[in-house]
1. Using the structure shown, decide if Asn203 is on the phi > 0 side of the Ramachandran plot and modelled with pLDDT of 95 or more.
2. Against the definition (in a helix (DSSP H, G or I), within 18 Å of the chain's Cα centre (by Cα) and within 23 Å of Thr303 (Cβ to Cβ)), how does Leu50 come out, yes or no?
3. Taking the stretch 59-75 as the search range and keeping residues that are in a helix (DSSP H, G or I) and in contact with a Pro (Cβ under 8 Å, 6 or more places away or on another chain), which one is farthest from Ser187 (Cα to Cα)?
4. I'm checking my understanding of the structure. Among residues of the stretch 1-27 that are touching a Ser or Thr at 6+ places or on another chain (Cβ under 6 Å) and modelled with pLDDT of 95 or more, which one is farthest from Gly161 (Cα to Cα)?
5. Is there a residue in the stretch 149-164 that is more than 30 Å from Tyr216 (Cα to Cα) and part of a helix (DSSP H, G or I)?
6. Would you confirm, using the coordinates I've provided, whether Trp241 is modelled with pLDDT of 95 or more and either more than 26 Å from the chain's Cα centre (by Cα) or not in a strand (DSSP E or B) (or both)?
7. Given (1) over 19 Å from Ala158 (Cα atoms); (2) β-branched (Val, Ile, Thr); (3) surrounded by 17 or more Cβ atoms within 10 Å (Cβ to Cβ), where does Val6 come up short, assuming only one miss?
Amino acid sequence: MRVIVVGAGLAGLAIANGLKKNNIPYVIVDRETAPRDRNWAITLGWALPLFQKLLPEDLYNSLHQCQPDPTLDAKVAGEKGILVRDGATGLEMNVARFPAIRRLNIQKTKRHLSTGIDVKYGKRLIDITINEGKDDDGLVTAHFDDGTSETGSLIVGADGGASQVRRWLLGDLAQQEALPCDFMNFSFTLPADIAVHLDKEMNPTVDVGAHPSNMYLGIFLLDKPDIDKPETWVFYILATWRLDDKNDRGSGKRLDELRSRMTGWFDLYKTVVENVPDDVEIKPDQLRIWKTKPWDNHQARVTLAGDAAHSMTFHRGQGGNLAIKDADEFVSSITAVKRGEKDIEDAVDAYDNGALLRSAEVEISRQASMAFLDYENFDKSPVFKMGISPAMKF
């Protein structure tokens with residue numbers, strides 16, 4: 001038994017740690033040759049006990065080091081919950097609480113989860129071949145653009161929303177769908193006095209607003225590289241609004257576009273946007289999803305996990321939790337095979353069926369995203385009805 005993990009993001013590294021913990025041979029590869037320059041944070045709530053199962057004790061117990069604010073207690077974060085404000089008044093519209101929440105900086109988390117894991121970087125997948133007649137440890141081969149390859153019993157594609165493994169499995173059916181929204185995702189620093197004021201006034205976990213202009217805006221802490229120097233603290237903004245025939249993505253300066261849309265927003269958010277440095281880079285971006293379609297796992301030789309299996313929007317904070325759930329289910333299935341408790345085809349088929357069921361969250365999260373852009377009906381959205389609880393009961 002040898003597992004090839006394609007993709008060293010949250011799902012892939014969780015799988016690799018789980019396999020290592022259970023003494024199952026594996027290799028993990030990633031197409032990047034250096035860390036991406038983009039950064040964001042993820043919200044883990046209901047999947048934290050599963051994460052604990054997958055990780056070595058020392059890594060799990062030091063997860064707080066990956067938080068934007070390492071001093072924030074997970075139980076306190078859960079009590080503070082996920083705050084949704086009325087963007088015009090700043091008043092609370094909804095708070096979704098959980099027993100414990102960890103908000104994790106994704107770049108810090110990837111580095112943390114790579115501890116003791118030999119990730120082979122610079123491996124962009126170009127093909128997969130099924131090796132008929134080979135022994136159990138050589139059933140499938142992943143081929144990379146540098147001319148190298150890896151052979152094993154099973155490939156799990158944890159290579160993100162634009163997954164190459166998914167494309168190999170499904171061809172054109174693997175294509176993501178772009179939602180009819182403009183989307184901004186960028187980080188920045190602030191003058192020290194404004195950074196301190198924002199840090200004091202904002203919800204320490206998630207602080208977002210829905211505005212009567214049918215716009216979503218969230219302002220988040222990303223990092224405190226020097227706790228005593230607020231001018232070094234890094235924040236980031238997520239913003240979305242609908243696109244229509246009269247409003248497409250402009251070619252002008254993106255920050256000017258955002259500032260032009262802040263009329264009528266409550267003072268804290270408006271002040272932050274006004275004080276974003278003028279030279280901040282806001283790259284073009286889109287909200288993309290993939291509504292999961294069943295795949296042929298080629299007799300338990302190729303499967304998917306995380307965003308590769310069900311890529312969704314962030315407005316209900318489920319993507320990271322589902323990535324951990326996939327990792328836990330996958331590792332449990334492969335461990336059962338190793339112990340002789342299950343046949344590998346039955347185990348992977350059962351895992352795939354679970355991943356397909358979990359993909360119901362793609363549509364629910366899409367509905368939540370669009371509901372933020374429909375202020376009049378926002379109180380009917382999944383954010384109000386479900387909070388940050390999973391669509392399925394696990």
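1. In short, no.
2. Judged against the criteria, Leu50 is a match.
3. Checked the stretch 59-75; the qualifying residue farthest from Ser187 (Cα to Cα) is Lys75.
4. First, pick out the residues of the stretch 1-27 that are touching a Ser or Thr at 6+ places or on another chain (Cβ under 6 Å): 1-2, 22.
Remaining after also requiring modelled with pLDDT of 95 or more: 2, 22.
Numbers: Arg2: 25, Asn22: 28 Å.
The extreme case among them is Asn22.
5. Within the stretch 149-164 (the criterion being more than 30 Å from Tyr216 (Cα to Cα) and part of a helix (DSSP H, G or I)), the answer is yes, since at least one residue qualifies.
6. Numbers: modelled with pLDDT of 95 or more: yes; either more than 26 Å from the chain's Cα centre (by Cα) or not in a strand (DSSP E or B) (or both): no.
Spelling it out, it is not the case that Trp241 is modelled with pLDDT of 95 or more and either more than 26 Å from the chain's Cα centre (by Cα) or not in a strand (DSSP E or B) (or both).
7. The number of the failed condition is (1).
For (1) in contact (Cβ under 8 Å) with a residue 24 or more places away in the chain; (2) surrounded by 22 or more Cβ atoms within 10 Å (Cβ to Cβ), each residue gets a yes or a no:
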{"site": "Met262", "(1), (2)": "no, no"}
{"site": "Asn275", "(1), (2)": "yes, no"}
{"site": "Ile282", "(1), (2)": "yes, no"}
{"site": "Asp296", "(1), (2)": "yes, no"}
{"site": "His315", "(1), (2)": "yes, yes"}
{"site": "Gly320", "(1), (2)": "yes, yes"}
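The values are calculated or read from the model by the stated rules, or taken from the named source; none is laboratory data. Because the structure is predicted, anything quoted here is derived from the model rather than measured. A quick note on method: Cβ atoms are made from the backbone with ideal geometry, for glycine too, and the neighbour counts reach across all protein chains shown.
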